[in-house]
Amino acid sequence: MSRATILVTGADLAPQAVALLADYDLVYAGKTPTEADIVALCSQHDPVAIIVRYSRVDAPAMDAAPSLKVISKHGSGTDTIDKAAAAARGIAVVAAVGANAAAVAEQALALMLACAKSVPQLDARMHAGHWDKATHKSLELGGRTVGLIGVGAIGLRFARMAAAMDMRVLAYDPFAKTWPQGVERAELDDIWRESDVISLHCPLTADNRHLLNTETLARCKPGVLIVNTARGGLIDESALLDALDSGQVRAAGLDSFAVEPMTAGHPFQQHERIILSPHIGGVTSDAYVNMGVSAARNALAILEA
């Protein structure tokens, strides 16, 4: 009797996760699968579960896999899954919430510090033989205000790090079930008006797409720092470029983008006050295991219910 198949939309899965799925045949889609690749693999293998690492999973893939019961995200963000289509077909969508929280929060901290202290720029200048001590002035973060959009597992960890640096922490999160101690509850107007740093830690939805745009960036404090380790669609990229050019935004540290992977010639690549990383905030050896194990367990909870 043939075994049921689980499709992984990536090239690998942590060995600990593979061990949990030993009763199933695993099919890997490769490092950079397209939506068409996912549909073809679903049609070929009819998986009972999909573990989503890369690419989208939309209605055509679901329709190509009539045995599909669960789509399990290898991470916390499910915006690459058509949840409405899944619900209409009785397919569960689950996520490894919190599995990479420490990793992403640390990346946000690193990007904030790099922006405030001009770490990449000074490093490049030093390697080029310059000594800018007499002319460079960094930004001191102690005593300044950081505004968070979202205080879930990642935002909460970042809030604790910022508070440990003697920063005032404001946060906006209308969906928070509990409110963390030491974090001031704020509305979006408060975040724009009072924050020296704005850090995004929320999922992307139809309601908050381009949350940071020409209007909201203009309402921010002049010289604000922008950090995004959430989803690229939260920021209107052209508006951010204009705000950087005008000086309204001092610097931006970005780990996610409207279109991924970023293609050659993107204007962000030429801007000296944008610090870039390729959506790797949650990619550490520890988080890789945590996300894989959580995604596997979440899938099994549905398959074996």
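Structure above, values below:
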| item | result |
| --- | --- |
| Residue ID - modelled with the lowest pLDDT, chosen from residues in region 231-273 that are more than 13 Å from Leu211 (Cα to Cα), of a type in the set (Asp, Glu) and not in a helix (DSSP H, G or I) | Glu260 |
| Positions within region 174-230 being crowded, with 20+ Cβ neighbours inside 10 Å, of a type in the set (S, T, N, Q) and either out of contact with any helix residue (DSSP H, G or I) (no Cβ under 7 Å at 6 or more places or on another chain) or part of a strand (DSSP E or B) (or both), in sequence order | Ser195, Ser199, Asn228 |
| Ala128, sole failed condition from (1) within 14 Å of the chain's Cα centre (by Cα); (2) surrounded by fewer than 16 Cβ atoms within 10 Å (Cβ to Cβ); (3) among the aliphatic types (A, V, I, L, M) | (1) |
| Any hit, region 7-16, residues being farther than 28 Å from Asp286 by Cα and touching a Leu at 6+ places or on another chain (Cβ under 7 Å) | no |
| Some residue of region 14-23 being polar (S, T, N, Q) and assigned by TED's automatic domain parsing to the domain that holds Leu225 | no |
| Test set (1) at positive phi; (2) in contact (Cβ under 8 Å) with a residue 60 or more places away in the chain - Gly30 fails condition number | (2) |
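Yes or no, residue by residue, for (1) among the small types (Gly, Ala, Ser); (2) under 30 Å from Val70 (Cβ atoms); (3) touching a residue at least 60 places away in the same chain (Cβ under 8 Å); (4) touching a Lys or Arg at 6+ places or on another chain (Cβ under 6 Å):
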residue	(1), (2), (3), (4)
Leu217	no, no, no, no
Asp236	no, no, no, no
Asp286	no, yes, yes, no
Ala295	yes, yes, yes, no
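So that you can scan it fast, the table gives a plain yes or no per residue for (1) hydrophobic (A, V, I, L, M, F, W, C); (2) more than 21 Å from Arg231 (Cβ to Cβ); (3) in a loop (DSSP other than H, G, I, E, B):
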| position | (1), (2), (3) |
| --- | --- |
| Leu13 | yes, yes, yes |
| Gln16 | no, yes, no |
| Ile50 | yes, no, no |
| Met62 | yes, yes, no |
| Ser67 | no, yes, yes |
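The values are calculated or read from the model by the stated rules, or taken from the named source; none is laboratory data. This one's a predicted model, so the numbers in the text were calculated from it and none came from an experiment. We place every Cβ from the backbone using ideal geometry, glycine too, and count neighbours over all the protein chains shown.
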